[in-house]
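To start, the structure under review is shown below, and the notes come after it.
The values are calculated or read from the model by the stated rules, or taken from the named source; none is laboratory data. If you're wondering where the values come from, they're calculated on a predicted model, not measured in any experiment. Every residue, glycine among them, receives a Cβ derived from its backbone with ideal geometry; neighbour counts consider all protein chains shown. Quick note on the areas: whole protein, heavy atoms, side chains included, nothing else; ligands and nucleic acids left out. Shrake-Rupley method; radii C 1.70, N 1.55, O 1.52, S 1.80 Å.
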Amino acid sequence: MDISLLHSALKEEKKFRHVQADQAIFVDLIDDWSQASVFPGTLRERLNQDCPLEIKAEISGGTNKKSPAKALITLADGEAIETVLIPQADGRFAVCLSSQVGCPLGCVFCATGMNGFTRNLKAEEIIEQFLFWARYLKKQGGKIDNVVFMGQGEPFLNYDEVMKAVKFLNDPETFNFGARRISISTAGIINGIKRLAGEKLQVNLAISLHAPSDKLRSNIMPVAGQTPLKKLLEAVDAYIIKTGRRVMFEYLLIKEVNDRDEDAIMLAKILDKPLYLVNLIPYNPTGRFLPSSPSRTARFKELLEKAGLPVTARRSLGQEIEAACGQLAGKKKKS
Ligand code: SAH
Ligand code: SF4
């Protein structure tokens, strides 16, 4: 599917046909023009030729309503990206969207980062991932409740297209999907944090921190070399002052790398501010490191809580299909 073809495919048609087409694709979630019953048969046939709606994807997982599913979507130019459907404990569904093919930031714990960068996604290609899961869930009588930009890529290095996609999802004429239900995670691109603060959108911001000092952080996240923690946290504070919104700090627990008591104590010091939240994430193995043990994780959490920080610990889903955070390599299976 390439939704940018729709405009030219309908250029000879009256305005109301455009409105009907948008309704059919984004509200009724059709996956073939033959289902667009408001259109005459000739138009349906022509649209199936000129703007086919099929999304080419290979699904893995999702064997029951509680297990995550991953889709490898092939784009018009043959590149492939991954997107994940994550059933949540309360029966709701989150989808994890990719913003780039690969990622240029090269975090050493992340499968996406290890494979380098190919290109930015267009807004349409981001929307296509959402549309794919919306159709999938509709067939099971469900719907998407939350969206996280935590798939492949750094959303703030593709700011304009990501924002275009967010605004499209949010548009009452299309998906009417509330901005409060959308979270964007960044490895710390300061310019993106500044720009988001200026948007009149209630999108949630998450920062991938993963280390309490510049020294440790730059060992695992090369981007830390350009964005010292001091500058990063100043940008976050300015964002909070401007928006009044909470900010989530993601902290991956990697065995004997960033999980020592002194790391927790240092982290508690730098993150002890109103509207800062900490989310501890188990490291999903990508080859190089080991995850922290459950007892180490519990101890780390306890130290942060003792210091008075609001902390959550995320359960990891999807390791068995390599759909967990940081495991999205976007590789096609060899056949
Ligand atoms: N580039 C953005 C968003 C995509 S990564 C960012 O880094 O924030 C989404 C999340 O997955 C980030 O918090 C990232 O640090 C985390 N992640 C990367 N590799 C991981 C791994 N191996 N195990 C668990 N989480 C990982
Ligand atoms: Fe890129 Fe995020 Fe992976 Fe780092 S963790 S390499 S920023 S996708």
Under 25 Å from Lys194, Cα to Cα: lysines that are on another chain or at least 8 residues apart: Lys122, Lys164, Lys167, Lys215, Lys230, Lys231, Lys242, Lys269, Lys273
For the chain, size of Cβ-based charge dipole, Lys and Arg +1, Asp and Glu -1, in debye: 660
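With every protein chain present, what is the per residue accessible area of segment 268-318 (1.4 Å probe, Å²)? Spell out each step's value before the answer.
Numbers: 2780 Å² over 51 residues.
Dividing the accessible area of segment 268-318 by its residue count gives 55 Å².
By DSSP, what percent of the beta bridges with both residues in the chain are antiparallel, rounded to the nearest 5?
Values: 19 of 43 bridges.
So the antiparallel bridges in the chain amount to around 45 percent.
Please give the peptides 31-44, 180-193 ranked by average Cβ packing (other Cβ atoms within 10 Å per residue), highest first, as a rough proxy for protection. Could you put the intermediate results ahead of the total?
Working: 31-44: 14.6, 180-193: 20.5.
Taking the mean over residues of other Cβ atoms within 10 Å, the ranking is 180-193, 31-44.
Which of the GluC sites (Glu not before Pro) found in segment 40-104 are in a DSSP loop and have at most 12 neighbouring Cβ atoms, other than their own, within 10 Å?
Numbers: sites: Glu45, Glu54, Glu58, Glu79, Glu82; in loops: Glu54, Glu79.
Hits after loop and neighbour filter: Glu54.
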Debye intensity ratio in log₁₀ form over the Cα atoms of the chain, taken at each q of 0.11 Å⁻¹: -0.72
With all protein chains modelled, accessible area of Leu253 [1.4 Å, Å²]: 0
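Let me know the shape class of segment 81-145, please: from the alpha-carbon gyration tensor, a ≥ b ≥ c as square roots of the eigenvalues, rounded when a/c is under 1.5, otherwise prolate if a/b is greater than b/c, or oblate. Mind dumping the intermediate values first?
Values: a/c = 3.80, a/b = 1.78, b/c = 2.13.
Oblate is the answer for segment 81-145, as a/c is 1.5 or above yet b/c matches or exceeds a/b.
Scan segment 175-258 for chymotrypsin sites (Phe, Trp or Tyr not before Pro) in coil per DSSP, keeping those whose Cβ has at most 10 other Cβ atoms within 10 Å, and list them by number.
Numbers: sites: Phe175, Phe177, Tyr239, Phe249, Tyr251; in loops: Phe175, Phe177.
Here no loop site has a sparse enough neighbourhood.
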Mean ellipticity per residue at 222 nm, deg cm²/dmol - from DSSP H runs of n ≥ 4 across the chain, formula -39500 (n - 2.57): -9500 deg cm²/dmol
Label-reachable residues, segment 137-174, where backbone N falls under 12 Å from a point 7 Å from Val27's Cα toward its Cβ: 172-174
Rounded D (µm²/s) - segment 75-229, Kirkwood Rh over Cα pairs, Stokes-Einstein at 20 °C, 1.002 mPa s: 133
Integer Hz, Karplus 6.51/-1.76/1.60 couplings in order for segment 221-231, x for Gly and Pro: 10, x, 4, 4, x, 8, 10, x, 3, 4, 5
